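J.: Just dropping this structure here.
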Amino acid sequence: MALLEIVKFPDPSLKKPSEPVAEFDEALSRLIRDMSDTMYAAPGVGLAAVQVGVHRRLFVMDSREEDLGLEVYINPVIVGGEGEVETEEGCLSLPDFNETVTRKARITIRYQKVDGTLEEGALNGFRAVIFQHELDHLNGILATDRISRLKRSLYTRRRLRQVKQEKQEKHG
Ligand code: NI
């Protein structure tokens, strides 16, 4: 089991869009294993490659619903969506972030599996929310970009204070 370091806000690399996955090889399988280990250990319900410093279009998730277990989405796209749902979202890259975000309630998706085969599917409920949150990561968009400017500046200020404190503690 290998745990990867999770990149946290305000690291600018989180704002950089990810490139498509082209090689469905052993290195990809290893990355997916390490990402899922890291997600479960955190613990979290989703983790995008960009959050461990790899700018490739893939993410892992586990909604902990219906015993579906680990879900892996490579080169994912949303081809349709309808309805709206509001959810209190957190993010492994946004320490102590917890804000209501509005997302599509139902989405139809297309993606590739670990072996490269193309799949289509439909998601709703919490799984649809996680999918949209993680897909945002691949486009350099954070949950903080989905809330009001006031809430965003409050969170940013709080987080920058926290980072400063952590640095001071580290340097004793
Ligand atoms: Ni996130």
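J.: Take the residues in the stretch 121-136 that are of a type in the set (A, V, I, L, M) and not in a strand (DSSP E or B), then tell me which one is farthest from the chain's Cα centre (by Cα).
T.: Ala128
J.: Being in contact with a helix residue (DSSP H, G or I) (Cβ under 9 Å, 6 or more places away or on another chain) and over 17 Å from His55 (Cα atoms) is the filter here, so list the residues in the stretch 141-151 that pass it.
T.: Once the filter is applied, which keeps residues that are in contact with a helix residue (DSSP H, G or I) (Cβ under 9 Å, 6 or more places away or on another chain) and over 17 Å from His55 (Cα atoms), the stretch 141-151 yields Ala143, Thr144, Asp145, Arg146, Ile147, Lys151.
J.: Inside the stretch 66-102, can you point out the residues that are more than 15 Å from the ligand (Cβ to nearest atom), in a loop (DSSP other than H, G, I, E, B) and in contact with a helix residue (DSSP H, G or I) (Cβ under 6 Å, 6 or more places away or on another chain)?
T.: Leu70
J.: Here's something else I'd like to know. Restricting the search to the stretch 107-140, which residues are among the hydrophobic types (A, V, I, L, M, F, W, C), in contact with a helix residue (DSSP H, G or I) (Cβ under 8 Å, 6 or more places away or on another chain) and within 15 Å of the ligand (Cβ to nearest atom)?
T.: Within the stretch 107-140, Leu138 is the sole residue that qualifies.
J.: Are any residues in the stretch 115-130 surrounded by 14 or more Cβ atoms within 10 Å (Cβ to Cβ) and in contact (Cβ under 8 Å) with a residue 24 or more places away in the chain, and if so, which ones?
T.: Selection gives Gly116, Gly125, Phe126, Arg127, Ala128, Val129, Ile130.
J.: Let me ask another. Taking the residues in the stretch 137-163 that are among the polar types (S, T, N, Q) and in a loop (DSSP other than H, G, I, E, B) as candidates, determine which candidate is surrounded by the most Cβ atoms within 10 Å (Cβ to Cβ).
T.: Asn139
J.: Follow-up. Residues that are part of a strand (DSSP E or B) and within 16 Å of Val45 (Cα to Cα): does the stretch 103-120 have at least one? So that I can check it myself, show each step before the final result.
T.: Pass one, the stretch 103-120, residues part of a strand (DSSP E or B): 103-112, 118-120.
From what's left, within 16 Å of Val45 (Cα to Cα): none.
No - not one qualifying residue is present in the stretch 103-120.
J.: Okay, next question. Exactly one of (1) touching a Phe, Trp or Tyr at 6+ places or on another chain (Cβ under 9 Å); (2) within 13 Å of the ligand (Cβ to nearest atom) is unmet by Leu58. Its number?
T.: Tallying (1) touching a Phe, Trp or Tyr at 6+ places or on another chain (Cβ under 9 Å); (2) within 13 Å of the ligand (Cβ to nearest atom), Leu58 fails exactly one: (2).
J.: Continuing with this model, one more query. Hey, could you check the stretch 51-65 for residues that are assigned to a loop (DSSP other than H, G, I, E, B) and basic (Lys, Arg) and say which is modelled with the highest pLDDT?
T.: Checked the stretch 51-65; the qualifying residue modelled with the highest pLDDT is Arg57.
J.: Can you pull out every residue in the stretch 16-45 that is touching a helix residue (DSSP H, G or I) at 6+ places or on another chain (Cβ under 9 Å) and among the charged types (D, E, K, R)?
T.: If the condition is that a residue be touching a helix residue (DSSP H, G or I) at 6+ places or on another chain (Cβ under 9 Å) and among the charged types (D, E, K, R), then Lys16, Asp34 are the ones that fit.
J.: Then there's this: Can you confirm whether the stretch 24-33 contains a residue that is surrounded by 14 or more Cβ atoms within 10 Å (Cβ to Cβ), away from the ligand (no atom under 15 Å from the Cβ) and in a loop (DSSP other than H, G, I, E, B)?
T.: Step one: list which residues in the stretch 24-33 are surrounded by 14 or more Cβ atoms within 10 Å (Cβ to Cβ), which gives 24, 28, 31-33.
Still in the list and also away from the ligand (no atom under 15 Å from the Cβ): 24, 28, 31-33.
Filter once more, so that each one left must be in a loop (DSSP other than H, G, I, E, B): 24.
Looking for residues that are surrounded by 14 or more Cβ atoms within 10 Å (Cβ to Cβ), away from the ligand (no atom under 15 Å from the Cβ) and in a loop (DSSP other than H, G, I, E, B), one finds at least one in the stretch 24-33, hence yes.
The values are calculated or read from the model by the stated rules, or taken from the named source; none is laboratory data. It should be emphasised that the depicted structure is a prediction, and the values quoted were computed from it without experimental measurement. Here Cβ is always computed from backbone atoms with ideal geometry, including for glycine, and neighbour counts include all displayed protein chains.
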